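The values are calculated or read from the model by the stated rules, or taken from the named source; none is laboratory data. Owing to the predicted nature of the structure, the values given are computational and were not obtained by experimental measurement. Methodologically, a virtual Cβ is constructed for each residue, glycine included, from the backbone with ideal geometry; neighbour enumeration extends over all protein chains shown. Side chains are part of the model used for accessible areas, which takes the heavy atoms of the whole protein and leaves out ligands, DNA and RNA. Shrake-Rupley method; radii C 1.70, N 1.55, O 1.52, S 1.80 Å.
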Amino acid sequence: MTEEQLSQGPVHAVHVELGATFAPFGGWEMPVSYAGTVAEHTAVRESVGVFDVSHLGKALVRGSGAADFVNSALTNDLGRIGPGKAQYTLCCTPSGGVIDDLIAYYVSPDEVFLVPNAANTADVVAALAAAAPDGVTVEDQHRDFGVIAVQGPKSVEVLTALGLPTDIDYMAFTDATWDGVPVRVCRSGYTGEIGFELLPRWDDTEKLFRAAVEQVRAHGGQVAGLGARDTLRTEMGYPLHGHELSLEISPLEARCGWAIGWKKPKFWGKETLADEKASGPARALWGIKALDRGVLRAGQTVLRDGRPIGETTSGTFSPTLKVGIALALLDSGSGVSAGDEISVDVRGRSLRAEVVSPPFVEIKTK
């Protein structure tokens, strides 16, 4: 996709005003950073940050038995939650590959709102629409709503200052009103910190984003871009589709088996994934923490005693730990475990590192 074809979100003009640097991501022109990734990352860990993630997809499944239909298709069990709750889940192929990982908002037995990744929205909508029974519709609402993420220890203070509700359980949501316009508020996030995701209508997003930026700055925080979002999620060990999950990487390999409702009568890919669970996945996702100075990136070979045992899927410098960290798919037959010393081939140089079980830093979402 050329630069001219990249989509822009509802607050692109604000990012320009704020001096953001941009890069393509999932077909969208996204703000990468404003004050610098490390400063923005640190603000989220220590105070609060605000992200515009309106590029994320949105889809509405509606009609008699909509929740039952979604439950028969996606991996996690909507029967574990009820109206007003949200759930991380996966949309798989019959062969167990991951079309996308997404959040399902259980509105009612007849309405489920989905937030998939930007690049995969059309594929998720198409798969669900093709399988939907009579009376159930699947509508792509990608440009109907924006998404603003407020994340960090002071996120409750920021939402309170905005007049939005904060007394919400983790992975629950409520429909509120801000300055006369509707906003869905969900207690969730992708950073490992306490946080909220706000879903206003697309045309109302700029006004709410400007107000959020003002309050975040008033509480000692910063507006943050895609760079900080990636370093924050990597420290948590959270998967990114296309890196830790894909059509070639199963949920079990990515350690997302907890997001599978094994007791459900059916979901897409159940038979294949059940067989993989019984035999054990051929590889598994681990964290890697550098012991030597060096830059860890995706696509680097991981070795144990000089023998390749896997490959990194994501890599970055951890602003919190001040060392290089990575996620990697390692062969299950290698016998590797947390605490083991391995090495990573960094452009022909052997970099010593330690295998760890993510997260790299403490999770504070709850």
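Taking the Cα of D110, stepping 7 Å toward and past its beta carbon, and measuring to each backbone N in segment 60-102: which are under 15 Å? Taking a point 7 Å out along Cα→Cβ of D110, the residues of segment 60-102 whose backbone N falls under 15 Å are 61-69.
When you count the other C-beta atoms within 10 angstrom of each residue and take the mean per peptide, 281-289, 223-231 line up highest first as 223-231, 281-289. Look at the dipole of segment 254-366 built from charges on Cβ: of V355, T365, S279, the Cα furthest out on the positive end belongs to T365.
For segment 198-298, the square roots a ≥ b ≥ c of the C-alpha gyration tensor eigenvalues yield an a/c of 1.5 or more together with a/b not exceeding b/c, which makes the shape oblate.
Peptides 66-77, 204-215 ranked from most to least packed by the mean count of surrounding Cβ atoms within 10 Å: 66-77, 204-215.
The share of accessible area on segment 56-215 that comes from carbon and sulfur is 48 percent, using a 1.4 angstrom probe. Note: segment 1-124, Cα convex hull, 148 Å³ per residue. Here segment 168-262 is treated with +1 on each Lys and Arg Cβ and -1 on each Asp and Glu Cβ, and its dipole about the Cα centre works out to around 140 debye. For segment 119-196, the mean projected area of the C-alpha convex hull, equal to one quarter of the hull surface, is 6.9 nm². In segment 50-92, the alpha-carbon atoms span a convex hull of 109 Å³ per residue. Stokes-Einstein diffusion for segment 1-62 at 10 °C, viscosity 1.306 mPa s, with a Kirkwood radius from C-alpha pairs, works out to 122 µm²/s.
Each Lys and Arg Cβ is given +1 and each Asp and Glu Cβ -1; about its Cα centre, segment 255-366 then shows a dipole of about 460 debye.
Highest GNM mean-square fluctuation among L56, L164, L18, for the chain modelled with Cα contacts below 10 Å: L18. Amide H contacts for V323 (H built 1.01 Å from N in the peptide plane; partners 5 or more residues away or on another chain; cut-off under 5 Å): S318. Run a plain Debye calculation on the chain (Cα atoms as equal point scatterers, no solvent) and give log10 I(q)/I(0) at q = 0.07, 0.09, 0.12 Å⁻¹, rounded to two decimals, same order as the q list. The computed values of log10 I(q)/I(0) come out as -0.30, -0.51, -0.92. Coordinate range of the alpha-carbon atoms in segment 102-157 per principal axis, descending: 46, 27, 17 Å. For the set H55, H12, solvent exposure ranked by accessible area (probe 1.4 Å, protein chains only) runs largest to smallest as H12, H55. A 1.4 Å probe run over the protein chains yields, for the chain, 41 Å² of accessible area per residue, whole-number rounding. The number of Lys pairs in the chain with C-alpha atoms less than 22 Å apart, excluding pairs fewer than 8 positions apart on the same chain, is 16. Amide H to amide H distances under 5 Å link I99 with C91, C92, T93, where only residues 5 or more positions off or on other chains count and H is placed in the peptide plane.
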